[in-house]
Structure formats: structure tokens, C-alpha cells
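Step one of this worksheet: look at the structure below.
Where a number appears in this text, it was derived from the coordinates with a stated rule and is not lab data. Quick caveat, the model's predicted, so the values are computed rather than measured. Cβ atoms come from the backbone with ideal geometry, glycine included; neighbour counts cover every protein chain shown.
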Amino acid sequence: MQNNILNTIHSPKELRLLSQKDLPQLAQELREFIINIVATKEGHLGASLGVVELTIALHYVFNTPEDMLIWDVGHQAYGHKILTGRKDNFHTNRQINGVSGFPKWSESEYDAFGVGHASTSISAALGMAIATKLQGDLEKQHIAVIGDASIAGGMAFEGLNHAGVTDANLLVILNDNAIG
């Protein structure tokens, strides 16, 4: 029987201490955890399951929360919430006084932007990247994860257009999960 890796992760700092060979097991455990909670509660299952490996990779590679991870569609962020210290309370997801179903500034320092839906991640991340550059910080990373058809929103296109003519530290990840 393999050890439960997910139970040892309370923040991305602990995640980054894992060997890369342990990450597939962590992904399986995270996926099972999300399924077990959402199957008995409410929530969006498919979107979060579709980004489990991406979520682990982002927190493994980038120095969150210093590097800013901005989710476009909040219900893709369940794995993010679990890996950033909310695992023990995740069973309260989307309940009164429970864990928010979406990234929420007041809930965690890892939630860089409060979001639900609306194609906002690129513009938000770009604004943060420009502000960071104006402050003289050239090291901080700004990562926008957009998916669930949010790329088709006008605000996403405006953000991409502005990013194309701006010298800012921005990475845009399109999660094409064929939901359109």
C-alpha cells in the first residue's frame, strides 16, 4: 500500500519538496478526493478534474503565492484550494460559511484574484504584471489560466490584445477542454 501523499500537503511549499516521481500518485489522490467530496455535495466536477495535473504542475514550478496564479473560471480551482491549505475544510465547499466555490482574496493568500466566470484572468494578470513591473520587481511571475470557453469572451480578447503590445511578465495558459 502506498502512502497517502495528499495528506502530507498543506501548502505548495510542501508540494515542491516532493520528488517528480510522486506527482502522478498525488494527481490520482487529488482527483479521488475531489470526486468523493463533490459526489456527495454540490459543485462542478468536470472542470476541476480536467486541471488536476496542471494545478499540481503550476504550484510545483512556480513560487506561489509570491508568483501570482489567476484562475479564470473559479470552479477549475478546486484542486488549487485543496493544495493551498483548505483540504480539511473542503467538504464545506459552496456552503454557508464554508469554503467558497471560487477563488476568494479573503480566504487565502494563494487566491490572487476573486473570480467566478467572465473572461477576466488575462486582463487581471496583465494589470498585476504591469503594476509589479512599475514597482521595479522583474522576477515575480503572473500566470492566467483560462478555459471553459472563457477565451471567447470579449474581455479575454481585450486582455490578449493589450498583452501583445505590453512588456510585462505574463504567461497565459489556455485550458482547451472542448467546452464551448
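Please find, in a Gaussian network model of the chain (springs between Cα atoms separated by less than 10 Å), the residue of Ala152, Ala118, Ala163 whose mean-square fluctuation is greatest.
Ala152
Taking the Cα centre of the chain as origin and charging only Cβ (+1 Lys, Arg; -1 Asp, Glu), how large is the dipole, in debye to the nearest 20?
The calculated dipole for the chain is roughly 300 debye.
Please sort by residue number the GluC sites (Glu not before Pro) in the range 1-81 whose DSSP state is loop and whose Cβ has at most 16 other Cβ atoms within 10 Å. Before the final figure, lay out each step's value.
Working: sites: Glu14, Glu29, Glu32, Glu42, Glu53, Glu66; in loops: Glu42, Glu66.
For GluC sites (Glu not before Pro) across the range 1-81 that sit outside H, G, I, E and B with at most 16 neighbouring Cβ atoms in 10 Å, the list reads Glu42, Glu66.
Quick check: pseudo-label points 7 Å beyond the Cα along Cα→Cβ at Glu53 and Leu23, how many nm apart are they?
In this crude label model, Glu53 to Leu23 measures out at 1.0 nm.
How many lysine pairs are close in the chain, with Cα atoms under 21 Å apart and the two 8 or more places apart or on different chains?
Lysine pairs meeting the criterion: 11.
How many percent of the alpha carbon pairs in the range 1-94 exceed a separation of 23 Å?
17
For the chain, give the share of DSSP beta bridges that are antiparallel, in percent and rounded to the nearest 5; count only bridges with both residues there. Walk me through the intermediate numbers first.
Details: 0 of 9 bridges.
Looking only at bridges with both residues in the chain, the antiparallel portion is about 0 percent.
Kyte-Doolittle mean at least -0.5 and Cα extent at least 24 Å along the axis: which DSSP H helices of the chain qualify?
Taking the DSSP H segments of the chain (at least 24 Å long, mean hydropathy at least -0.5), we get 23-40.
Which of Asn97, Asn36, Asn89 ends up with the largest GNM mean-square fluctuation for the chain, with Cα atoms connected below 10 Å?
Asn97
Given the options Ala125, Ala149, Ala39, state which has the largest fluctuation in a GNM of the chain using a 10 Å cut-off (strictly under) for Cα springs.
Fluctuation is largest for Ala39.
Choose one of Leu83, Ala156, Thr166: the residue whose Cα lies farthest towards the positive end of the charge dipole of the chain (beta-carbon charges +1 Lys, Arg; -1 Asp, Glu; about the Cα centre).
Farthest towards the positive end: Leu83.
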